[in-house]
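Engineer: A single structure is presented below for examination.
Readers should treat all values here as calculations from the given coordinates under stated rules, not as data from a laboratory. What you are looking at is a predicted structure, and each value in this text was computed from that prediction instead of being measured. Heads up, the Cβs are rebuilt from the backbone with ideal geometry, glycines too, and the neighbour counts pull from every protein chain shown.
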Number of protein chains: 4
Amino acid sequence: MSAALGRLLAEPQVSSWLNVHAPVTLSALRGRVVMIVTFQMLCPGCVAHALPQAQRVARSFAASEVAVVGLHTVFEHHAAMQEVSLRAFLHEYRIAFPVAIDQPGSGAIPCSMQAYGLRGTPSLLLIDRDGILRAHHFGEVPDLVLGAEIAGLMAQNGVRRTSEDSAMSASGREASACVRPPAD
Amino acid sequence: MSAALGRLLAEPQVSSWLNVHAPVTLSALRGRVVMIVTFQMLCPGCVAHALPQAQRVARSFAASEVAVVGLHTVFEHHAAMQEVSLRAFLHEYRIAFPVAIDQPGSGAIPCSMQAYGLRGTPSLLLIDRDGILRAHHFGEVPDLVLGAEIAGLMAQNGVRRTSEDSAMSASGREASACVRPPAD
Amino acid sequence: MSAALGRLLAEPQVSSWLNVHAPVTLSALRGRVVMIVTFQMLCPGCVAHALPQAQRVARSFAASEVAVVGLHTVFEHHAAMQEVSLRAFLHEYRIAFPVAIDQPGSGAIPCSMQAYGLRGTPSLLLIDRDGILRAHHFGEVPDLVLGAEIAGLMAQNGVRRTSEDSAMSASGREASACVRPPAD
Amino acid sequence: MSAALGRLLAEPQVSSWLNVHAPVTLSALRGRVVMIVTFQMLCPGCVAHALPQAQRVARSFAASEVAVVGLHTVFEHHAAMQEVSLRAFLHEYRIAFPVAIDQPGSGAIPCSMQAYGLRGTPSLLLIDRDGILRAHHFGEVPDLVLGAEIAGLMAQNGVRRTSEDSAMSASGREASACVRPPAD
């Protein structure tokens with residue numbers, strides 16, 4: 001199953017957060033457009049395109065309007081991309097936005113990646129001011145298109161969630177294969 | 001004097017139109033966002049950046065929503081960039097959107113360039129659905145920013161012009177140094 | 001017919017030279033490696049790749065070792081690419097090496113283009129220190145390959161031409177369809 | 001101290017080799033030009049420029065003429081760039097030439113990096129057919145220049161080393177701070 005466009009996006013399931021003092025939640029970002037860039041530090045397309053693009057987004061829009069969040073969804077070469085390597089990677093590539101490490105799952109696919117139905121890396125999720133998933137891209141997205149999508153969402157006034165939305169969100173979250181983090 | 005942000009943009013003064021059967025007017029484009037890319041065919045920054053970007057805009061947005069118009073504002077090397085050369089240039093670079101040739105002025109600067117207060121090429125003007133000038137850039141504009149600006153204007157509902165706007169437009173046009181084309 | 005690899009390259013047939021005070025001849029360049037970049041000023045691949053590459057060659061090698069010469073071989077849109085336009089083009093793109101305008105032929109193809117058997121633009125000819133044609137490329141050539149080819153020729157010691165070579169050169173020149181410029 | 005231009009380059013001190021069945025030695029590559037690209041897998045300039053360039057070199061020249069060898073000289077973030085991560089990196093970036101892992105030293109700088117006097121990554125060493133160091137670059141090298149340097153070395157006929165060269169090589173090796181691998 002996959003995160004549905006037009007529905008509240010469930011919170012990512014995260015084993016740790018980098019570049020921030022405290023965990024980030026999507027609910028705390030309500031009121032802003034949120035761009036989630038999902039990547040692997042050893043994925044060439046992520047390094048060459050998606051992450052530099054995310055840095056441009058972070059630089060080009062006011063942080064009070066658009067939040068950029070990274071999600072490190074390792075689904076291959078797990079031993080090669082541990083937190084210590086990711087930390088050095090973020091430092092060397094000067095990636096300063098918050099980055100979540102996707103909660104390892106029971107198989108190769110980590111939890112948020114599974115819950116969100118991501119096909120691979122890089123994937124890009126756009127969430128509106130109300131937390132609703134509005135775009136889901138796999139692979140390279142042109143800057144012109146991405147800029148337009150972000151601005152289209154910025155132009156929407158946030159509307160308070162209805163109880164239906166909340167229910168939807170909860171159900172989305174429970175349906176995921178990874179609700180409970182491993183004991184470690 | 002220069003075209004003012006927030007005011008109706010006067011029609012360009014054009015000696016001929018290429019890539020179209022009949023002249024284009026901004027008033028006929030009301031209801032769409034309009035991007036005017038002003039260029040010279042021998043300006044390296046125009047060829048390398050502004051014109052490919054304009055082609056991406058034309059490809060990326062529905063023509064019913066966003067109109068791309070070129071304006072060839074030759075202010076140097078006039079003999080080198082005559083219509084016959086421009087036609088071949090547009091053909092070779094596969095530029096298919098309408099291109100206006102700016103009306104030659106009494107000096108080196110052509111009429112629309114003077115009326116719009118352009119500083120050089122490439123310059124880029126963005127007009128909202130009501131014909132109001134909303135952005136004026138000189139030089140290279142990042143795709144991310146341009147995409148956002150266009151989408152921001154797309155998100156606005158067109159509002160009918162008031163009689164004040166019309167008056168403004170007329171006065172803007174008369175104030176230009178180039179209303180009457182030179183005799184030659 | 002076409003210029004043969006391993007044979008002396010005939011002098012180009014030139015209607016005028018730009019960027020120099022006096023005509024350039026290949027024979028006067030004996031002792032140096034010569035790179036001839038043939039182009040049309042409105043050919044996108046020439047503007048984007050071949051000419052910037054030729055400028056890099058001119059910057060990267062000592063002028064006493066490697067001579068870069070442009071040859072403007074207009075075979076389409078002739079009216080669009082007259083000398084006045086080419087002059088402005090060279091100025092705007094800061095092309096400082098000598099550029100020859102290929103002698104117009106009886107048809108669309110100019111004389112040197114025909115004599116050299118060029119397939120289109122950009123084409124690139126490499127001549128060794130003795131004036132012998134050693135490489136003939138049509139289209140884009142990677143810098144790595146070009147750098148290697150030039151250095152390979154630089155590493156050869158020039159050998160004095162034999163009388164046989166001279167005869168070959170003369171016969172090559174006479175065989176061309178374009179020795180005499182058209183009357184117009 | 002640093003490897004001297006014009007002198008035999010000492011063999012690298014290597015903790016393990018990747019992409020090969022058996023260790024590579026420079027002496028076994030005598031007769032070919034050798035390009036050593038020294039890098040760190042998390043060095044942005046290496047990933048964006050030096051390694052793709054090394055791949056182009058490997059593709060553009062016959063393997064019997066030019067050998068490309070990588071040397072992973074980790075001098076920072078050591079825990080982040082262990083062999084398991086490097087292996088995944090090479091796989092993902094499709095780097096197929098032999099890669100040596102520089103022998104860890106007593107401090108942060110690994111042994112070959114110290115012995116060769118490298119200033120950082122990427123660095124590039126060119127060795128002639130006789131094993132003599134002929135070029136040492138730190139940072140980005142244009143393809144045109146690199147292609148020319150390689151071809152210049154290819155054009156040299158290999159000359160048998162004299163006993164003086166051999167002595168030099170031995171002394172160079174002993175002078176290094178890292179002959180003995182650390183105990184760990």
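Engineer: Hey, can you grab everything whose amide H is under 5 Å from the amide H of A:Leu71? Only 5+ residues off in sequence or another chain; H modelled, so Pro and N-termini drop out.
Structural biologist: A:Val37, A:Thr38, A:Phe39, A:Ala100
Engineer: Just how far, in whole angstrom, is the range A:39-113 from the range B:58-75 if you go by their alpha carbon centroids?
Structural biologist: The distance from the Cα centre of the range B:58-75 to that of the range A:39-113 comes to 36 Å.
Engineer: How far apart are the D:Ser106 label points across copies, placing each 7 Å from Cα toward Cβ, in nm, shortest first?
Structural biologist: Between copies, matching label points for D:Ser106 lie 5.3, 8.4, 8.4 nm apart.
Engineer: Now a separate question. Give the nm distances, rounded to one decimal, from D:Glu65 to the matching residue in every other copy, measuring between label points 7 Å along Cα toward the beta carbon; shortest first.
Structural biologist: 1.8, 5.3, 5.5
Engineer: Using θ = phi - 60° and the Karplus relation 6.51 cos²θ - 1.76 cosθ + 1.60, list the HN-Hα couplings for the range D:47-63 in order, rounded to whole Hz, with x at every Gly or Pro.
Structural biologist: 5, 7, 10, 5, 6, x, 5, 5, 5, 5, 4, 4, 7, 8, 10, 5, 4
Engineer: While we're on this one: Counting only Cβ atoms, what residue of chain B lies nearest to the axis that sends chain B onto chain D, and how many whole Å off?
Structural biologist: B:Ala48, 10
Engineer: Hey, got the average number of other protein chain Cβ atoms within 10 angstrom for residues in A:71-83? Write down the numbers at each step before the final one.
Structural biologist: Values: counts 0, 0, 0, 0, 0, 3, 7, 2, 5, 12, 5, 5, 1.
That average works out to 3.
Engineer: Using alpha carbons only, what's the Rg to Rh ratio of the range B:14-175 with Rh from Kirkwood? Let's see the in-between values first.
Structural biologist: Numbers: Rg = 15.2 Å, Rh = 16.1 Å.
Using Cα coordinates only, the ratio equals 0.94.
Engineer: While we're looking at this one, here's another question. Percent relative contact order of the range A:27-115, based on C-alpha pairs within less than 8 angstrom and at least six residues apart?
Structural biologist: On the way: 104 pairs, mean separation 27.4, N = 89.
Reported as a whole number, the value is 31 percent.
Engineer: Same structure again: State, as an integer percentage, the relative contact order of the range B:14-175 based on alpha-carbon contacts under 8 Å between residues 6 or more apart. Walk me through the numbers on the way to the answer.
Structural biologist: Working: 245 pairs, mean separation 48.8, N = 162.
For the range B:14-175, the relative contact order is 30 percent.
Engineer: Between copies, how close do the C:Leu5 label points come, placed 7 Å along Cα→Cβ, listed in nm from shortest?
Structural biologist: Ordered by increasing distance: 3.3, 5.3, 5.9 nm.
Engineer: In whole Hz, with x marking every Gly and Pro, tabulate ³J(HN,Hα) for the range C:103-113 from phi via Karplus 6.51 cos²θ - 1.76 cosθ + 1.60, θ = phi - 60°.
Structural biologist: Working through the residues one at a time gives 4, x, x, 6, x, 6, 7, x, 5, 5, 4 Hz.
Engineer: How crowded by other chains is C:84-91, given as the mean number of beta carbons from other chains within 10 Å of each beta carbon? Write out the running numbers ahead of the final one.
Structural biologist: Values: counts 7, 11, 2, 3, 10, 7, 1, 4.
The per-residue average across the peptide is 6.
Engineer: Moving on. Taking amide hydrogens as modeled 1.01 Å from N in the peptide plane, which residues meet the under 5 Å criterion relative to D:Gln103, leaving out close sequence neighbours?
Structural biologist: The answer is D:Gln13, D:Val14, D:Ser15, D:Cys111, D:Ser112.
Engineer: Relative contact order of the range B:73-139: what whole-number percent is it, with Cα pairs under 8 angstrom and at least 6 residues apart?
Structural biologist: 26
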